[in-house]
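Step one of this worksheet: look at the structure below.
The values are calculated or read from the model by the stated rules, or taken from the named source; none is laboratory data. Predicted model only: the values in this text are computed from it and were never measured. Please note: Cβ atoms are built from the backbone with ideal geometry, for glycine as well, and neighbour counts cover all protein chains shown.
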Ligand SMILES: NC(=O)c1ccc[n+]([C@@H]2O[C@H](COP(=O)([O-])OP(=O)(O)OC[C@H]3O[C@@H](n4cnc5c(N)ncnc54)[C@H](O)[C@@H]3O)[C@@H](O)[C@H]2O)c1
């Protein structure tokens with residue numbers, strides 16, 4: 001299939017790089033978002049998200065005249081849905097007394113509904129949003145068929161998971177291997193033709209439900225493995241071990257690759273996607289369920305560590321460094337660092353938070369400041385919650401220059417014990433009791 005004009009619905013971390021990359025490869029792209037503010041920002045040459053290199057690609061796409069930003073999809077040859085699939089915060093399912101989270105598929109539903117009036121015979125629709133198994137065939141297909149056209153017969157329908165790493169999105173979008181699952185082999189082929197416009201990695205074709213499962217299995221695999229690393233950090237504290245040293249030594253085994261512990265698991269993917277499997281088959285997923293619980297309870301483990309370091313939290317001034325869910329990104333969604341700050345405050349600590357990648361972060365109930373100096377200037381303890389390069393590479397001596405604190409707590413193995421002790425700090429490290 002040939003594609004001259006496509007619509008990309010959802011202009012976030014996934015949709016905007018995808019739309020811009022298609023445009024810079026010569027395809028006419030209508031980038032659609034329901035958020036009027038985002039549409040205006042982009043039309044005025046601004047950018048609402050931080051991703052290295054994205055500004056340049058979006059500017060090139062707009063300048064070439066190939067990328068147009070709109071609030072409504074238009075008639076096109078292909079439609080890509082890249083809208084959010086979070087879970088509900090205000091309701092949950094229950095399986096034998098075990099509560100589980102439920103996928104909020106409202107954005108996928110409304111994006112599919114918006115395509116119905118402009119869907120034409122021979123079109124291709126690709127769902128990229130991470131979704132519970134069978135979403136493409138059981139949720140998206142019936143909505144699109146309200147057009148009177150039949151999925152897999154009159155139009156192609158496929159699912160293609162996105163596996164890019166925030167911070168590396170533009171490179172990985174092109175270089176990563178891609179899986180395309182069609183509701184028919186012809187739909188998978190049409191999807192492969194579309195992505196072949198810019199994808200240099202291998203493109204694998206399969207059915208839509210397998211492609212959905214692939215994405216969920218990848219992220220669930222990581223969640224379960226981080227859960228075991230987090231449990232190892234708890235055991236290391238119990239038994240007088242440095243978990244970082246122990247993991248490093250265990251990983252010298254040729255068939256062992258233990259992941260990294262930390263303050264928990266956050267973000268839009270790994271902390272969310274395993275729930276999509278639990279929701280659809282709670283009786284088959286005790287391991288996945290337990291791993292989610294282990295990772296969700298890791299902020300409480302950090303709280304205990306902070307209490308060990310400073311004693312009672314009542315009135316203690318703590319600088320929390322990093323709020324993002326992982327290093328060197330500005331994404332605060334489902335961040336365990338944010339959860340740690342709330343827990344500290346709930347026990348009376350006075351927390352000043354600083355997120356270098358989002359100095360203007362506004363989070364309900366959290367005092368976030370714009371500079372590191374402001375965050376630490378009155379602190380009694382400094383708490384490192386994210387392994388941001390700049391926060392880690394700054395020396396202990398430099399911290400003493402801007403803060404009266406002499407207690408430091410490191411939850412991400414970002415600071416070197418000897419250096420911090422030499423600079424006069426008492427350093428407490430997650431998973432270390434040595
Ligand atoms: N961010 C990642 O690294 C990543 C990686 C792999 C997969 N994913 C998946 O990709 C999907 C999108 O994630 P994201 O990070 O780009 O989300 P995002 O929140 O950054 O962007 C989504 C955009 O969609 C818009 N939107 C919501 N409803 C819409 C609708 N009906 N029509 C048009 N636009 C609509 C929102 O306004 C927003 O701008 C999710 O399912 C996510 O799980 C994300």
| said: Can you say whether residue 73 is touching a helix residue (DSSP H, G or I) at 6+ places or on another chain (Cβ under 8 Å), within 13 Å of the ligand (Cβ to nearest atom) and under 30 Å from residue 284 (Cβ atoms), as far as the supplied structure shows? | reply: no
| Inside segment 1-103, counting only strands (runs of 3 or more DSSP E) that do not spill past its ends, which hold 2 or more residues that are free of Cβ contacts under 8 Å to residues at least 12 places away in the same chain and over 17 Å from residue 125 (Cα atoms)? | 87-95
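One line per residue, one yes/no per condition, for (1) buried (at least 16 other Cβ atoms within 10 Å of the Cβ); (2) under 21 Å from residue 305 (Cβ atoms); (3) under 25 Å from the mean Cα position of the chain (by Cα); (4) touching a residue at least 24 places away in the same chain (Cβ under 8 Å):
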position	(1), (2), (3), (4)
367	no, no, yes, no
377	yes, no, no, yes
399	yes, yes, no, yes
402	yes, no, no, yes
419	no, yes, no, yes
422	no, no, no, yes
428	yes, yes, no, yes
432	yes, yes, no, yes
| said: Being within 30 Å of residue 134 (Cβ to Cβ) and within 16 Å of the ligand (Cβ to nearest atom) is true for just one of 273, 296, 330. Which residue is that? | reply: 273
| task | Answer yes or no: is there a residue in segment 336-344 that is over 13 Å from residue 302 (Cβ atoms) and either over 22 Å from the mean Cα position of the chain (by Cα) or part of a helix (DSSP H, G or I) (or both). | result | no
| field | Matching residues in segment 163-172 - criterion: being surrounded by fewer than 22 Cβ atoms within 10 Å (Cβ to Cβ) and either more than 10 Å from the ligand (Cβ to nearest atom) or not in a helix (DSSP H, G or I) (or both) | value | 163, 164, 165, 167, 168, 170, 171
| said: Which of the helices (runs of 4 or more DSSP H) found entirely inside segment 377-434 contain at least 1 residues meeting this: within 16 Å of residue 317 (Cα to Cα) and touching a helix residue (DSSP H, G or I) at 6+ places or on another chain (Cβ under 7 Å)? | reply: 396-402
| task | Return a yes/no flag: does segment 45-65 have any residue that is within 15 Å of the ligand (Cβ to nearest atom) and in contact with a strand residue (DSSP E or B) (Cβ under 7 Å, 6 or more places away or on another chain). | result | no
| message | Please pick out the residue among 183, 256, 243, 214 that is under 26 Å from residue 134 (Cα atoms) and in contact with a helix residue (DSSP H, G or I) (Cβ under 7 Å, 6 or more places away or on another chain). | response | 183
| query | Among 199, 140, which is surrounded by 15 or more Cβ atoms within 10 Å (Cβ to Cβ), within 21 Å of residue 5 (Cα to Cα) and in contact with a helix residue (DSSP H, G or I) (Cβ under 7 Å, 6 or more places away or on another chain)? | reply | 199
| task | Output the residues belonging to segment 143-157 that are out of contact with any helix residue (DSSP H, G or I) (no Cβ under 7 Å at 6 or more places or on another chain) and touching a residue at least 40 places away in the same chain (Cβ under 8 Å). | result | none
| remark: Expected single match for within 13 Å of the ligand (Cβ to nearest atom), under 19 Å from residue 208 (Cβ atoms) and either modelled with pLDDT of 95 or more or outside any loop (DSSP other than H, G, I, E, B) (or both) among 137, 129 is 129
| Here is a list of conditions, (1) crowded, with 18+ Cβ neighbours inside 10 Å; (2) free of Cβ contacts under 8 Å to residues at least 60 places away in the same chain; (3) over 18 Å from residue 114 (Cα atoms), and residue 175 meets all of them except one; can you say which number that is? | (1)
| Would you pick out the residues in segment 104-126 that are more than 10 Å from the ligand (Cβ to nearest atom) and either without any contact (Cβ under 8 Å) to a residue 24 or more places away in the chain or farther than 24 Å from residue 155 by Cα (or both)? | 104
| task | Go over the candidates 57, 118, 39 one by one and state the one that is at pLDDT 95 or above, surrounded by 16 or more Cβ atoms within 10 Å (Cβ to Cβ) and in contact with a helix residue (DSSP H, G or I) (Cβ under 8 Å, 6 or more places away or on another chain). | result | 57
| message | Restricting to segment 334-354, and then to whatever is touching a helix residue (DSSP H, G or I) at 6+ places or on another chain (Cβ under 7 Å) and closer than 19 Å to residue 86 by Cα, can you tell me which residue is surrounded by the most Cβ atoms within 10 Å (Cβ to Cβ)? | response | 336
